[in-house]
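Readers should treat all values here as calculations from the given coordinates under stated rules, not as data from a laboratory. What you are looking at is a predicted structure, and each value in this text was computed from that prediction instead of being measured. Note that we place each Cβ from the backbone using ideal geometry, even for glycine, and neighbour counts take in every protein chain shown.
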Amino acid sequence: MKVIAAYLLAVLSGNTCPSTDDLKDILGSVGAEADDDRINLLLSQVKGKDISELIAAGREKLASVPARGGGVAVAAPTSGAGGAPAAAAEPKKEEKVEEKEESDDDMGFSLFD
């Protein structure tokens, strides 16, 4: 992630085609180690591509990722061929199990005593 962040910083600063040395300088300025293999991999994957197009393509891919996990999308009810409305499915309510914090009563002292 730090290599990608350094690349984006370089592009935002006006350098449309940052080099390995540019990314190393950015990472070095904040005391981060620069991994040549990761830098070269990133530069080979983005070579000749516009950063705005890459970000747009990434957003499209992320849009298809479920955000809440485990949930099932329910389609809007439609009327059938006979004109009868379709029955709407009610989503099941998930029960939240709250974990009780362990009591410090048996320890004989309090944090604030």
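In table form, for the structure just shown:
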| read-out | value |
| --- | --- |
| FRET efficiency estimate (nearest 0.05) - Cβ-Cβ, Glu33 to Leu54, R0 22 angstrom | 0.35 |
| Separation of the Ala5 and Ala67 label points, Cα + 7 Å toward Cβ, nm | 2.3 |
| Relative packing of peptides 3-13, 33-43, 53-63 - highest average C-beta neighbours within 10 Å first | 3-13, 33-43, 53-63 |
